[in-house]
Amino acid sequence: MENELLNNTVNTEVLVIGGGAVGVAVARHFAREGAQVVLLERESTIGSGTSSRSSGVIHAGLYYPEGSHKERLCIEGKALLYRYCIDNGVPFEQTGKWIVASTGQESRLEAIHDQAVKNSVSVRRLSKHEIHWSEPELRCRAALESPSTGIIDAHYLIHSLVRDFELAGGLVHCRAEAVSVEILGDKAQTVLRDGTHVIAGLVINAAGLDALALVPESVAHSYKNYYLKGSYFSYGGKVPFKRLIYPLPSDEGLGIHLTLDLSGAARFGPDARPVVEREFSVNRGDLPMFVSAVSEYWPQCDIKKLKPDYAGIRPKLHDGGTVVEDFVFMDQSIGTQSPVISLLGIDSPGLTSSLAIAGHVFDLFHKKASFTKT
C-alpha cells in the first residue's frame, strides 16, 4: 500500500529515497535482511521517473572497463535479473543484439570484441554471409552478436519488487519529496517538502536526477550534475529485424539504436544532448538527424513511419570538467556506521544492475553494522 506521511517526525532503521528500479531493489534487499525500511518516492506512483524512460534493455556488460562498478554490477545484475524474471513471472525476452560497424569502423568493433572477452561476456563475430542471411535489410561492414542481451517490462519488474518489499514489511510513501539530508551523529535526518522529518540509522539516497542535491552539505565532493537528454522515435510499422541493432557507441552513449518491446513494436534512440532543465518533450525537428543515423544501418527505413515517442534524462556527473563514466557510491562514514550512502551517476546500465547494486549497497553497510534478522 502506498502511504502518505503526516507532518511529524518519523523514525526508522533504513530510509531509501527514490522509487525507481534501483531504489526499490535496494529497499527490498534491506527489508528481506530484517531491517525496518521506509521507501520515499516524490511522484504519485512508484517507477515513474528515470526508470520509466529507458530503453528497457537487459545489457550484457560488454562495453565497460574491467574492474569498474558498471562492469561487475551489470554482469552480476544481468544474471540475477534473468533469474528473478523466471522465478517471478516478469515478462522478458532474451533477444540478443548485434553491434554493427560501417566502413572504416571495423577496428572500433574489434576493440569492443576484445573488451567483451576481457569481461568474460559472450560475444561472437558474424560472417558476411550470416549477416545477409539472417538480416537481409541490414547494411554494415561487420557485426558482433551479443546473445545475452534482452528486453524486459521495467514497469512490471518494479511493481514485482515493490510487492516483495511490502511482503517483507517495508513501507512505501509516494508524494513524499525529500529536500535535504543532514548527518546527526550516527544517524541522519531527512526533511520532506511537507515538513516531515525522518530520522534513520541509514539513509540510502537513490534519488536519480535529484541524488546529487541530496548529498549532505557536510560531505565534501567536487561533482556537478551533467544531465544528458535522450529522445526516442517510435516506428509505426513492422521492422524486419529479429533482434536489437546497435551502431557503435559514441562518446555520449550507445548511439541511436533499434530496440523492440515485448509486443514487437520498434523504437529508435536515444540521442544524447546536454541539458540544464528537466524537459521531456521530443522535438520533431530532430527527425532528420534520426533518419540519417538509422539509415546508416537500415536504408529501407520508411521515414514517414517515424514518430516522436518519449524522452529521458540520464543523471550523469562531471568531476572537474570530466565526465564520470562509472557509478559512484558515496559512503560517508561516522564511527562504525555509515548514516548516508548516496548513489550517484546511476545511468545505463542501472536497470540491468539494480539487483546487484542492492547487494553492493547492503555490503557497504554490513561491513560496519548489521541488523537482527527476524
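No value in this document is a laboratory result; all are computed from the given coordinates. Not measured: the values here are computed from a predicted model. Counting neighbours? That spans all protein chains shown, and the Cβs are built from the backbone with ideal geometry, glycine included.
Averaging 1/r across all pairs of distinct Cα atoms in the chain and inverting the result yields a Kirkwood radius of 21.4 Å.
Would you kindly calculate the mean projected area, averaged across all directions, of the convex hull enclosing the Cα atoms of the range 215-268, in square nanometres?
Details: hull surface 24.6 nm².
Computing the convex hull of the Cα atoms and averaging its projections yields 6.1 nm².
Put a plus charge on the Cβ of each Lys and Arg, a minus charge on the Cβ of each Asp and Glu, and nothing anywhere else: the dipole of the chain about its Cα centre is then about 780 debye. Candidate cross-link partners of K187 among the lysines, defined by an alpha-carbon separation under 16 Å and a same-chain spacing of 8 or more, comprise K368.
When the helices of the chain are scored as -39500 (n - 2.57) per DSSP H run of n ≥ 4 and the total is divided over every residue, the value at 222 nm lands at -8000 deg cm²/dmol. Applying 1/(1 + (r/R0)^6) with r as the Cβ-Cβ distance of R163 and T103 and R0 = 41 angstrom yields a FRET efficiency of 0.25. Summarising the strand pairing of the chain, around 70 percent of its internal DSSP beta bridges are antiparallel.
In the chain, which helices (entire DSSP H runs) extend 15 Å or more along their own long axis, judged by Cα positions, while averaging at least 0.0 on the Kyte-Doolittle scale? Each step should come with its number before you reach the end.
On the way: long enough: 21-32 (16 Å, 0.83); 69-88 (26 Å, -0.49); 106-118 (18 Å, -0.79); 154-167 (20 Å, 0.34); 350-366 (23 Å, 0.96).
Answer set is 21-32, 154-167, 350-366.
Near L317, the amide H atoms lying under 5 Å from its own belong to Y226, V324; only residues 5 or more places off or on other chains count, and H is placed 1.01 Å from N.
A Cβ-based charge dipole, computed about the Cα centre of the range 179-238 with Lys and Arg at +1 and Asp and Glu at -1, lands at about 420 debye. In this model, which of K118/K229; K242/K316; K78/K316; K70/K367 are farther than 27 Å apart at the alpha-carbon? With Cα atoms farther than 27 Å apart: K118/K229; K242/K316. For R273 and E110, a Förster radius of 35 Å and the Cβ-Cβ distance give a FRET efficiency of 0.75, rounded to the nearest 0.05. When the chain is treated as a Gaussian network with alpha carbon springs shorter than 10 Å, the biggest mean-square fluctuation among G264, G77, G312 belongs to G264. Take the Cα of E137, step 7 Å toward its Cβ, do the same at E177, and the gap between the two points is 4.4 nm.
Placing pseudo-labels 7 Å out from each Cα toward the beta carbon at S127 and D87 gives an inter-label distance of 4.1 nm.
Note on E182, E137: ascending count of other Cβ atoms within 10 Å places them as E137, E182, the fewest first.
Quote the relative contact order of the chain in percent (integer), defining contacts as alpha-carbon pairs under 8 Å separated by 6+ residues. The partial results should precede the final answer.
Details: 846 pairs, mean separation 95.5, N = 374.
26 percent.
Lys/Arg Cβ at +1, Asp/Glu Cβ at -1, dipole of the range 86-131 taken about the Cα centre: which of S107, I86, H129 is farthest positive-ward? Towards the positive end, the residue furthest out is S107. Charges on Cβ only, +1 for Lys and Arg, -1 for Asp and Glu, centred on the Cα centroid of the chain; of L287, G230, S68, which one is farthest towards the dipole's positive end? It is L287. Site pair A79 and N283 shows an inter-label distance of 4.4 nm when each label is modelled 7 Å from Cα along Cα→Cβ.
Between K238 and L364, the C-beta separation translates, for a Förster distance of 35 Å, into a calculated FRET efficiency of about 0.15. Scattering from the range 238-355 was approximated by placing one identical point on each alpha carbon and applying the Debye formula without solvent; log10 I(q)/I(0) at 0.17, 0.21 1/Å stands at -1.00, -1.34.
Taking the Cα centre of the range 40-95 as origin and assigning +1 to Lys and Arg Cβ atoms and -1 to Asp and Glu Cβ atoms, the resulting dipole is close to 80 debye.
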